[in-house]
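Enquirer: My structure is below; once you've seen it, I'll send some questions.
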């Protein structure tokens, strides 16, 4: 109803506007005739000359041209200095077709999370389930759309790929295992220690870059942290700020539908010595 009312109001306004706006600038026939008659009675020194009218038109034409050029230059400089149009920054991904968003609280509380805490059977199963869909198949036309190459499947059906979110989750899992390395790697050698530490360092750097790339601008507010006596001792962030989040289930279902076993020795076209 509001749209209808607004539309009719707009139509009424547009039907009235021409008359209102044209009255002083586009006289009716009778007014124009009167104006012409009146001008014929003006002394010759006060009658408008053709060159005056041309000068008037030229002046306003130049003014319009000046402001048009100014607008174009300002718009161009704003485009150069500001953010480029979104479509120029879009990157193709076949998973985009299933991506949808929702508002969801993110609290970061480890207590009660099946993914956090000391390793146990439930958490191991949860992480295993979460990581399904890490290594996936992309079809030839999708690789063409990406203008990218990757390792090819031996059966010719597609190429090996991984979505960015799974790379990030892989790194979170890696850091978790490094954090609890006494549990996961009780007898690691010095060489293994150094290799895993290098991997953990890589994951820290990758997550830093990914975090800055996403640039989440969600606002989190603060509250006072109190001691046992109820005294405010320091400010701390509130938990559960709403974030714009991908609906995970649909994305995970899509990734799982393309899941491949990276450790299947017959999955990929082998690379022989010499790169052939």
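Enquirer: Tell me, please, whether a residue that is at pLDDT 95 or above, within 17 Å of the chain's Cα centre (by Cα) and in a loop (DSSP other than H, G, I, E, B) can be found in the range 101-108.
Expert: Within the range 101-108, none of the residues are at pLDDT 95 or above, within 17 Å of the chain's Cα centre (by Cα) and in a loop (DSSP other than H, G, I, E, B).
Enquirer: Collect the residues in the range 231-263 that are surrounded by 11 or more Cβ atoms within 10 Å (Cβ to Cβ) and assigned to a loop (DSSP other than H, G, I, E, B), keeping them in residue-number order.
Expert: 239, 240, 247, 258, 260, 262
Enquirer: Every residue in the range 189-230 that is over 20 Å from residue 177 (Cα atoms), out of contact with any strand residue (DSSP E or B) (no Cβ under 9 Å at 6 or more places or on another chain) and either in contact (Cβ under 8 Å) with a residue 60 or more places away in the chain or not in a helix (DSSP H, G or I) (or both), please.
Expert: 215, 217, 228, 229, 230
Enquirer: Then there is this: Looking only at the range 143-188, which residues are touching a residue at least 60 places away in the same chain (Cβ under 8 Å), out of contact with any strand residue (DSSP E or B) (no Cβ under 9 Å at 6 or more places or on another chain) and in a loop (DSSP other than H, G, I, E, B)?
Expert: Listed by number, the list holds a single entry, 180.
Enquirer: Shifting gears a bit: If you check 151, 146, 138, 91, which single one turns out to be at pLDDT below 95 and more than 19 Å from residue 171 (Cβ to Cβ)?
Expert: That would be 91, the only listed residue that is at pLDDT below 95 and more than 19 Å from residue 171 (Cβ to Cβ).
The values are calculated or read from the model by the stated rules, or taken from the named source; none is laboratory data. These figures come from a predicted structure and were not determined experimentally. Every residue, glycine as well, gets a Cβ built from its backbone with ideal geometry; the counts of neighbours run over all protein chains shown.
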